Amino acid sequence: MHRFPLIRSRWLHTTRPAQYFGPCKTTEKTFDKILIANRGEIACRVIRTAKRMGIKTVAIYSDADANSLFVQQADEAYRVGPAPTSQSYLNMDAILDAIKASGAQAVHPGYGFLSENSGF
(Lines give C-alpha, C1' and ligand atoms only; values in the text may rest on other atoms or scores of the structure.)
Protein backbone atom coordinates (compact mmCIF):
# COMPACT_ATOMS: atom_id res chain seq x y z
CA MET A 1 0.00 0.00 0.00
CA HIS A 2 1.23 3.50 -0.92
CA ARG A 3 1.52 6.24 1.66
CA PHE A 4 1.11 8.93 -0.98
CA PRO A 5 -1.49 8.98 -3.75
CA LEU A 6 -0.19 8.27 -7.23
CA ILE A 7 -0.46 11.23 -9.56
CA ARG A 8 -0.96 10.51 -13.22
CA SER A 9 -0.06 13.11 -15.77
CA ARG A 10 -2.45 13.68 -18.63
CA TRP A 11 0.59 14.41 -20.81
CA LEU A 12 1.78 10.81 -20.55
CA HIS A 13 -1.37 9.55 -22.21
CA THR A 14 -1.51 11.96 -25.15
CA THR A 15 -1.65 10.14 -28.48
CA ARG A 16 -1.72 13.14 -30.82
CA PRO A 17 1.57 13.94 -32.57
CA ALA A 18 3.03 17.30 -31.68
CA GLN A 19 2.50 20.00 -34.28
CA TYR A 20 4.75 22.93 -34.97
CA PHE A 21 2.93 26.23 -35.20
CA GLY A 22 5.97 28.51 -35.24
CA PRO A 23 6.24 31.82 -33.47
CA CYS A 24 3.04 33.10 -35.13
CA LYS A 25 0.89 30.06 -34.28
CA THR A 26 0.38 29.22 -37.96
CA THR A 27 0.94 26.10 -40.01
CA GLU A 28 1.91 28.09 -43.11
CA LYS A 29 5.53 27.50 -44.14
CA THR A 30 7.59 30.52 -45.13
CA PHE A 31 10.13 28.49 -47.13
CA ASP A 32 10.43 24.97 -48.55
CA LYS A 33 14.18 24.28 -48.44
CA ILE A 34 16.91 25.22 -45.98
CA LEU A 35 20.68 24.87 -46.21
CA ILE A 36 22.37 24.03 -42.92
CA ALA A 37 25.82 25.62 -42.83
CA ASN A 38 27.16 23.51 -39.98
CA ARG A 39 28.11 19.92 -39.26
CA GLY A 40 27.80 17.18 -36.67
CA GLU A 41 25.12 16.98 -34.00
CA ILE A 42 23.95 20.55 -34.56
CA ALA A 43 23.26 19.83 -38.22
CA CYS A 44 21.45 16.59 -37.26
CA ARG A 45 19.16 18.46 -34.86
CA VAL A 46 18.35 21.16 -37.42
CA ILE A 47 17.67 18.51 -40.08
CA ARG A 48 15.33 16.53 -37.79
CA THR A 49 13.37 19.64 -36.86
CA ALA A 50 13.11 20.88 -40.45
CA LYS A 51 11.87 17.49 -41.64
CA ARG A 52 9.19 17.46 -38.93
CA MET A 53 8.11 20.84 -40.26
CA GLY A 54 7.97 19.51 -43.84
CA ILE A 55 11.00 21.51 -44.99
CA LYS A 56 13.59 19.92 -47.32
CA THR A 57 17.17 20.02 -46.05
CA VAL A 58 20.51 20.68 -47.69
CA ALA A 59 23.81 19.87 -45.97
CA ILE A 60 27.27 21.11 -46.83
CA TYR A 61 30.30 18.99 -46.04
CA SER A 62 34.07 18.85 -46.25
CA ASP A 63 36.05 15.85 -47.42
CA ALA A 64 36.50 14.79 -43.77
CA ASP A 65 32.71 14.71 -43.23
CA ALA A 66 31.64 13.05 -46.49
CA ASN A 67 30.31 9.92 -44.73
CA SER A 68 28.91 11.63 -41.64
CA LEU A 69 25.39 11.08 -40.33
CA PHE A 70 24.21 14.63 -41.04
CA VAL A 71 25.18 14.23 -44.71
CA GLN A 72 23.18 11.00 -44.93
CA GLN A 73 20.15 12.50 -43.16
CA ALA A 74 19.89 15.57 -45.40
CA ASP A 75 17.76 15.48 -48.54
CA GLU A 76 20.68 16.92 -50.53
CA ALA A 77 24.37 17.45 -49.77
CA TYR A 78 27.06 19.57 -51.42
CA ARG A 79 30.83 19.36 -51.00
CA VAL A 80 32.35 22.72 -50.08
CA GLY A 81 36.03 21.84 -49.88
CA PRO A 82 38.82 19.84 -48.26
CA ALA A 83 39.05 18.95 -44.58
CA PRO A 84 40.49 22.21 -43.14
CA THR A 85 37.54 24.35 -42.02
CA SER A 86 39.16 27.49 -43.41
CA GLN A 87 38.89 25.90 -46.87
CA SER A 88 35.39 24.44 -46.45
CA TYR A 89 32.93 25.57 -43.76
CA LEU A 90 34.37 29.10 -43.74
CA ASN A 91 34.63 29.32 -47.54
CA MET A 92 31.77 31.72 -48.26
CA ASP A 93 32.09 31.44 -52.05
CA ALA A 94 31.69 27.64 -51.95
CA ILE A 95 28.73 27.95 -49.56
CA LEU A 96 27.05 30.59 -51.75
CA ASP A 97 27.55 28.28 -54.76
CA ALA A 98 25.86 25.45 -52.80
CA ILE A 99 22.95 27.73 -51.92
CA LYS A 100 22.47 28.66 -55.58
CA ALA A 101 22.89 25.09 -56.84
CA SER A 102 20.43 23.67 -54.32
CA GLY A 103 17.82 26.39 -54.63
CA ALA A 104 17.68 26.74 -50.84
CA GLN A 105 15.45 29.61 -49.77
CA ALA A 106 16.91 29.93 -46.27
CA VAL A 107 20.23 29.30 -44.51
CA HIS A 108 20.70 28.11 -40.94
CA PRO A 109 24.21 29.30 -40.02
CA GLY A 110 24.50 26.88 -37.11
CA TYR A 111 26.67 27.85 -34.15
CA GLY A 112 30.18 29.12 -34.68
CA PHE A 113 31.46 29.13 -38.27
CA LEU A 114 29.19 31.50 -40.24
CA SER A 115 26.97 32.58 -37.36
CA GLU A 116 29.93 34.56 -36.03
CA ASN A 117 30.74 36.10 -39.42
CA SER A 118 28.85 39.38 -39.86
CA GLY A 119 29.95 39.53 -43.51
CA PHE A 120 27.90 36.46 -44.33
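Look at A77 and say whether it is in a helix (DSSP H, G or I) and either crowded, with 16+ Cβ neighbours inside 10 Å or at pLDDT 95 or above (or both). Spelling it out, it is not the case that A77 is in a helix (DSSP H, G or I) and either crowded, with 16+ Cβ neighbours inside 10 Å or at pLDDT 95 or above (or both). Scan the range 50-74 for residues that are open to solvent by 40 Å² or more (accessible area, probe 1.4 Å), within 16 Å of A104 (Cα to Cα) and not in a strand (DSSP E or B) and the total you get is 3. Scan the range 80-94 for residues that are of a type outside the set (A, V, I, L, M) and surrounded by fewer than 14 Cβ atoms within 10 Å (Cβ to Cβ) and the total you get is 4.
The condition (being modelled with pLDDT under 85 and charged (D, E, K, R)) is satisfied by just one residue among R10, R45: R10.
The values are calculated or read from the model by the stated rules, or taken from the named source; none is laboratory data. Keep in mind that what you see is a predicted model, and the values were worked out from it rather than measured. Positions of Cβ are generated from backbone atoms using ideal geometry, with glycine treated the same way; all protein chains shown enter the neighbour counts. Heads up: the accessible areas ignore ligands, DNA and RNA and are worked out on the full protein's heavy atoms, side chains in. Shrake-Rupley method; radii C 1.70, N 1.55, O 1.52, S 1.80 Å.
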